[in-house]
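S.K.: Please find one structure pasted underneath; my questions will follow.
The values are calculated or read from the model by the stated rules, or taken from the named source; none is laboratory data. All values derive from a computational prediction rather than experimental measurement. All Cβ positions, glycine included, derive from the backbone under ideal geometry; neighbour counts span all protein chains shown.
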Amino acid sequence: MYFKFKAYCFLIGFFFIGFQFIWSQDQKVADSLEIIYKKGQTSGIARLELLRNLSFNQVNDLDAYIKYAEELIMLSKAENNFLYLYRGYLQKGNAHRLAGNLDLALENFFMSIDAAIKAEYKEGEGIAKMTVADTYSEMGNSNNASIYYEKAITILRETDNIIALASALLNAGDEAFNTKNYELALQYFEESGALFKEQDYLIGTGYNLGNMGMVYAEQGKDALAKSNINEAIAILEELEDYYAISEYLTYMADIYLKQGNPAASLNYAERSLELAEKYGLKKQISESNLKLAELHEQLGDLPQSYAHYKNHIIYRDSFINLENVASMADMRTNFEVSQKQTEVNLLNQQKRNQLIILGFTGLLLLTLFWYYRNISKEKKRSEDLLLNILPEETARELKKSGKVKAKKFAAVTVMFTDFVGFTRYAESLDPEILVESVNFYFSKFDEIMETYGLEKIKTIGDAYMSAGGLEDPKSDHALRMVKAAFDILEFVKASRIENHNNFTRFDIRIGINTGPVVAGVVGTKKFSYDIWGDSVNIASRMESHSAPGQINIGHTTYNLIKEDYDCECRGKLQVKNRGKMKMYWVHASKNV
């Protein structure tokens, strides 16, 4: 059995909080977000998003991973927010799975499925069913794993999440490999590999290459196996994703052993064990020890062979023990029974509450009389508030149907701004002064967006995100966004010179990109309008590769504004997880 693609790598999709975007796990991000967490100044959706990203990025501390996921679950229940409840259970399940606690992982994944269904979130339901399949696979229950993979793939084919679909296909290929159906495994891998390549999703490509390499190794195609696995290891080392590398290294050890090179084989097996022990990966520690036991036995070093085999048994038993395996068959049934009992208890409580409610009928009638006298004013206030949160057309749809369908837009221009050196100030300044300073800037940015008919999406920490072309018939959103960016630069520059209120003053970086996005509303009690897609991620990369006082744009935006603005080609710059991308500085307008 070989490594599963980690479903939670893409669960964040495109959400951000604090100072960075979250696409793949990054302990540095978790460390920076803990500063915000400890200040305790977030609430509502912002708090849920903070906990979600803290849990997701705790790659070096599984206990912290679980702690933040549990707090996310608790707050989601209090907010009656099934979307975040789904995410909390999913991340808690992933943490237990990494720790080798498969019984707890499966329990949380089933809860995640139920929460996703209640949230009417098809994509999440598909992803959660994939994690159930992954867990059954790791337990050796190939039949249940295959059933849940088919369920996940069927659901995900109905969604727009190509990465999730590709991951389910990749893991279904793993299951075919486990049953030695190598041709079926390669079929799954070829489809998933094409989808990852289409989406330019580097980490998925890495796993796909590694898994294909291991199929080739089993088929005796050693040259193809080595080529694919070495390429996969190179990609995953760059991404600092060591969980799969440890597994792939044991296969490299097998290949070199078959080729009569025990020294190289031993080296790969030792590297596998070193990585597994460093990151506390029980399953990989067990398998690496077993491989080293076999190698030392063949080399005639029986004491070393025995020592490694003993460690293999210890970690194997801690990873999957017989009691947990026996209890798995009844877990789902027990879970559903407990849910029914909860419903019965709730019904009894409701009957008791009816008697209490009768006593308050008179008070309720008086309250309703007051309410209807003031309803017009309150309705106007709520509508104004909704328009401050959502675009006008989206707000109308929400009022009419109570929900908003996600929409695809073929061309939207996205801008990100970021204050230079903000993190350093955040750690040392009084919170009130810092908030006043940021509010000073963002209030003006809001005015600028309104002037050019652009949509503010959100602010997170010192990051400001806006978009043009959402539900807007005009096609000049790229030009309007660049004009707004220059107004922002001028305002920031003037503020640094004048500084009437002695606020903290910053310099600013700006990044812009144009392309397709998906937009929609998340949340049930507290709505949040957001946009997702690769175009958004590229816009973030444009900002992070910009410079103080500069506007950095992608190639698509350049083609839309080059007749109106002087632009300087920066060439192709290396971007993490993206390869090389063409970028441009935007200078003065040609029409001035």
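S.K.: Name the residue that is farthest from LEU106 (Cα to Cα), counting only residues in the range 156-200 that are in a helix (DSSP H, G or I) and of a type in the set (Val, Ile, Thr).
M.R.: ILE162
S.K.: Would you check which residues across the range 391-421 are more than 14 Å from ASP472 (Cα to Cα), at pLDDT 75 or above and surrounded by fewer than 19 Cβ atoms within 10 Å (Cβ to Cβ) and list them?
M.R.: Scanning the range 391-421 gives VAL420, GLY421.
S.K.: Being buried (at least 24 other Cβ atoms within 10 Å of the Cβ), modelled with pLDDT of 90 or more and closer than 30 Å to LYS258 by Cα narrows it down to one of TYR207, TYR148, TYR188, TYR182, so name that one.
M.R.: From the options TYR207, TYR148, TYR188, TYR182, the qualifying one is TYR188.
S.K.: Would you mind finding the one in ILE203, ILE153 that is touching a Ser or Thr at 6+ places or on another chain (Cβ under 7 Å), under 30 Å from TYR121 (Cα atoms) and not in a loop (DSSP other than H, G, I, E, B)?
M.R.: Of ILE203, ILE153, the one residue that is touching a Ser or Thr at 6+ places or on another chain (Cβ under 7 Å), under 30 Å from TYR121 (Cα atoms) and not in a loop (DSSP other than H, G, I, E, B) is ILE203.
S.K.: For the range 549-592, what are the residues that are within 34 Å of the chain's Cα centre (by Cα), hydroxyl-bearing (Ser, Thr, Tyr) and part of a strand (DSSP E or B)?
M.R.: TYR584
S.K.: Another question, then. Scan GLY260, GLY206, GLY220 and give me the residue that is out of contact with any Cys (no Cβ under 8 Å at 6 or more places or on another chain) and under 23 Å from ALA164 (Cβ atoms). Lay out the reasoning, then the answer.
M.R.: On the way: GLY260 fails: under 23 Å from ALA164 (Cβ atoms); GLY220 fails: under 23 Å from ALA164 (Cβ atoms).
After applying the criteria, what remains is GLY206.
S.K.: Could I ask something else about it? Filter the range 560-574 down to the residues that are among the aliphatic types (A, V, I, L, M) and crowded, with 16+ Cβ neighbours inside 10 Å and list them by number. Reasoning before the result, please.
M.R.: Residues of the range 560-574 among the aliphatic types (A, V, I, L, M): 560-561, 573.
Of everything in the range 560-574, those that are among the aliphatic types (A, V, I, L, M) and crowded, with 16+ Cβ neighbours inside 10 Å turn out to be LEU560, ILE561.
S.K.: Which one of LEU239, LEU224, LEU292 is surrounded by fewer than 22 Cβ atoms within 10 Å (Cβ to Cβ) and at pLDDT 85 or above?
M.R.: After ruling out the rest, the residue left standing is LEU224.
S.K.: Need the failing condition index for TYR309 against (1) farther than 26 Å from GLY173 by Cα; (2) surrounded by 22 or more Cβ atoms within 10 Å (Cβ to Cβ); (3) among the hydroxyl-bearing types (Ser, Thr, Tyr), just the number.
M.R.: Single failed check for TYR309: (2).
S.K.: For the condition outside any helix (DSSP H, G or I) and either modelled with pLDDT of 80 or more or not assigned by TED's automatic domain parsing to the domain that holds THR413 (or both), what is the one hit in SER535, SER546?
M.R.: On the way: SER535 fails: outside any helix (DSSP H, G or I).
Sole residue among the options that is outside any helix (DSSP H, G or I) and either modelled with pLDDT of 80 or more or not assigned by TED's automatic domain parsing to the domain that holds THR413 (or both): SER546.
S.K.: Here's something else I'd like to know. For the range 112-171, give me the residue count where each residue is farther than 25 Å from VAL517 by Cβ and basic (Lys, Arg).
M.R.: Of the residues in that region, 3 qualify.
S.K.: Can you confirm whether ALA152 is under 29 Å from LYS197 (Cβ atoms), over 19 Å from the mean Cα position of the chain (by Cα) and of a type in the set (A, V, I, L, M, F, W, C)? If you could, list the steps in order and put the result at the bottom.
M.R.: Working: under 29 Å from LYS197 (Cβ atoms): yes; over 19 Å from the mean Cα position of the chain (by Cα): no; of a type in the set (A, V, I, L, M, F, W, C): yes.
In short, no.
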